[in-house]
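J.: Before I ask anything, here is the structure I am working with.
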Amino acid sequence: MLNGSLTSMVKQAPLAAKFMAWVLVGLMLTGCPRTPGPDPLPEPATGPFLPRLMQGWTLEAVSYEGNMPNPFDSTTMAHFKGDADSVTGFFNFETINDTDVANYHIDFLATFLLGATPIHYLNSGTGIYDFDSLSQVLWFYDYPDTLEFHVDLDAETLQLWHSFAPIRDDSTGLDVVAKLNVRLIR
């Protein structure tokens, strides 16, 4: 009987060891700190939009998305989407002689296709601007350049805008229209 009970204990030991291993793994997973998610968006600002513009904004991030001719199969389109690298820029607003003037600089690298050389986007200028509060659209006129940004979030310390802009791909010689999502902070 003693021999049978010893055999039974040996057969159960691996099961007990497996159970303990799973318990330890479970404790380790629940004990690890969670990866923080993105910061929650601030509350939308109240009051007029244009006075907030006058405080100046720094370009913090750009994401892009669009379609372009597929360089491997000209009968199809290739979808691209990503976050820009080496992002720098600003938007400054002021009134000069009763004219609303914007000075802007947008500079980043975009990689449309995996393994492709990043494309440099640079656009800067000084020109008049206008804001349509009904459609939440901000226009910059710097002849011959005209930029149009849709205001997606207007907060005291954060602006989220999007635009559709041509980006010149020097490797193909094509202008590719991309949706640009810009994040501005102050």
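The values are calculated or read from the model by the stated rules, or taken from the named source; none is laboratory data. What you see is a predicted model, and the numbers here were worked out from it, not measured in a lab. When we count neighbours, we look across all protein chains shown, and the Cβ atoms used for this are built from the backbone with ideal geometry, even at glycine.
J.: Restricting the first residue to the range 96-120 and requiring it to be closer than 21 Å to TRP139 by Cβ and touching a residue at least 60 places away in the same chain (Cβ under 8 Å), which pairs with a second residue that is surrounded by 15 or more Cβ atoms within 10 Å (Cβ to Cβ) and of a type in the set (S, T, N, Q) meet a Cβ separation below 8 Å and a spacing of at least six or different chains?
T.: Note: pairs meeting the criteria are ILE106/ASN123.
J.: As an exercise: evaluate ASP39 against (1) in the same structural domain as TYR143 (by TED's automatic domain parsing); (2) closer than 26 Å to TRP161 by Cβ; (3) modelled with pLDDT under 95 and give the number of the one condition it does not meet.
T.: (1)
J.: Give just the number: which of (1) farther than 21 Å from THR88 by Cβ; (2) surrounded by 17 or more Cβ atoms within 10 Å (Cβ to Cβ) does LEU153 not satisfy?
T.: The one condition LEU153 does not meet is (2).
J.: Quick check on the range 57-73. Is at least one of its residues at pLDDT 90 or above, over 20 Å from the mean Cα position of the chain (by Cα) and closer than 27 Å to ASP107 by Cα? Write out each step before concluding.
T.: First, pick out the residues of the range 57-73 that are at pLDDT 90 or above: 57-67.
Right, trim to over 20 Å from the mean Cα position of the chain (by Cα) and you get none.
No - not one qualifying residue is present in the range 57-73.
J.: How many residues does the range 142-175 hold that are at pLDDT below 90 and among the hydrophobic types (A, V, I, L, M, F, W, C)?
T.: Of the residues in the range 142-175, the ones at pLDDT below 90 are 142-146, 168-175.
From what's left, among the hydrophobic types (A, V, I, L, M, F, W, C): 174.
Number satisfying all stated conditions: 1.
J.: Quick test for you: out of ASP169, ASP145, ASP154, pick the one residue that is over 15 Å from the mean Cα position of the chain (by Cα), among the acidic types (Asp, Glu) and farther than 19 Å from TRP57 by Cβ. Reasoning before the result, please.
T.: Working: ASP145 fails: farther than 19 Å from TRP57 by Cβ; ASP154 fails: farther than 19 Å from TRP57 by Cβ.
Answer to the selection: ASP169.
J.: Given the criteria within 17 Å of the chain's Cα centre (by Cα), surrounded by 14 or more Cβ atoms within 10 Å (Cβ to Cβ) and closer than 16 Å to ILE185 by Cα, does PHE80 qualify?
T.: On the way: within 17 Å of the chain's Cα centre (by Cα): yes; surrounded by 14 or more Cβ atoms within 10 Å (Cβ to Cβ): yes; closer than 16 Å to ILE185 by Cα: no.
The answer is no for PHE80.
J.: Run ASP73 past the list (1) assigned to a strand (DSSP E or B); (2) of a type in the set (D, E, K, R); (3) surrounded by fewer than 16 Cβ atoms within 10 Å (Cβ to Cβ) and report the number of the one that doesn't hold.
T.: Here ASP73 meets the rest and fails (1).
J.: Which residue is surrounded by the fewest Cβ atoms within 10 Å (Cβ to Cβ), if the candidates are limited to the range 98-112 and must be outside any loop (DSSP other than H, G, I, E, B) and of a type in the set (Phe, Trp, Tyr)?
T.: Applying the first criterion (outside any loop (DSSP other than H, G, I, E, B)) to the range 98-112 yields 99-110.
Filter once more, so that each one left must be of a type in the set (Phe, Trp, Tyr): 104, 108.
Numbers: TYR104: 22, PHE108: 25.
Only one residue tops the list, namely TYR104.
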